[in-house]
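The values are calculated or read from the model by the stated rules, or taken from the named source; none is laboratory data. Not measured: the values here are computed from a predicted model. Here Cβ is always computed from backbone atoms with ideal geometry, including for glycine, and neighbour counts include all displayed protein chains.
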Amino acid sequence: MNKTALLSQLDEIIEKYGGLKDNLLQILLDLQKVSGHNYLPEECLEEISSQLNLPLSKVYEVATFYSMFNHEPKGKYIIEICNSAPCHVEGADDLTQLFEDVLGIKVGEITTDGIFSLQHSSCFGACDISPAIKIGTEVYGNLTKEKIEEIIKEYRGE
Ligand code: FES
C-alpha cells in the first residue's frame, strides 16, 4: 500500500475510535493490521500524535511497550522459533535451518510473497514440545520437515 492510501486508512481508523487518546492502543492494533507489512510505520505514528494531540514520545512509549507491535516491516505471519535454553538443547538450530531451507530466507528476512518472516524468540511456555515455534497465537512442536511443509502450505492457503 502506498503512503497516501495508508494515511487515508489511518484517518478512518482514528475516526472509528472517535479520535480519542484513550483508544491509542486500539488504533495502533488496527494500524498494524492494515499496514500491509504487519508493522507500525513511523510516519503513521507522527500522524497519530498530531491527530490525537498527544506528544510523539507518548505514542512511542505505548508502541514500544507492547511486544506485539513491530517497528520494521514483517511478513503477514511471523514464525517465531524459540531459542531459549530448553529448546536450544532440543535442536532449535536444526529447526531454524529447516525453516530457512523450506522458506528460502534467513532469520530476520521476509519471503518474497510477503507471507512469512522468520525470527527467534525467547521461551513462550511450550518447553514440553521443544523445540517449539509460534505463529501468532498458535504453538507447534515436535516438528519434522514434512510437518513444517504442511504448516507453510496451510498458511499459504494451498
Ligand atoms: S524454552 Fe522454548 S518454549 Fe520454553
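Numerical summary
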| read-out | value |
| --- | --- |
| Selection from region 57-79 of residues that are surrounded by fewer than 14 Cβ atoms within 10 Å (Cβ to Cβ) and within 16 Å of the ligand (Cβ to nearest atom) | Ser67 |
| Residues being over 17 Å from Asn70 (Cα atoms) and not in a helix (DSSP H, G or I) - total across region 2-43 | 5 |
| Count of region 113-149 residues which are part of a strand (DSSP E or B), within 12 Å of the ligand (Cβ to nearest atom) and of a type in the set (Ser, Thr, Tyr) | 2 |
| Single match in Cys82, Cys44 (criterion: of a type outside the set (Lys, Arg), in contact with a Phe, Trp or Tyr (Cβ under 7 Å, 6 or more places away or on another chain) and either in the same structural domain as Ile148 (by TED's automatic domain parsing) or surrounded by 15 or more Cβ atoms within 10 Å (Cβ to Cβ) (or both)) | Cys82 |
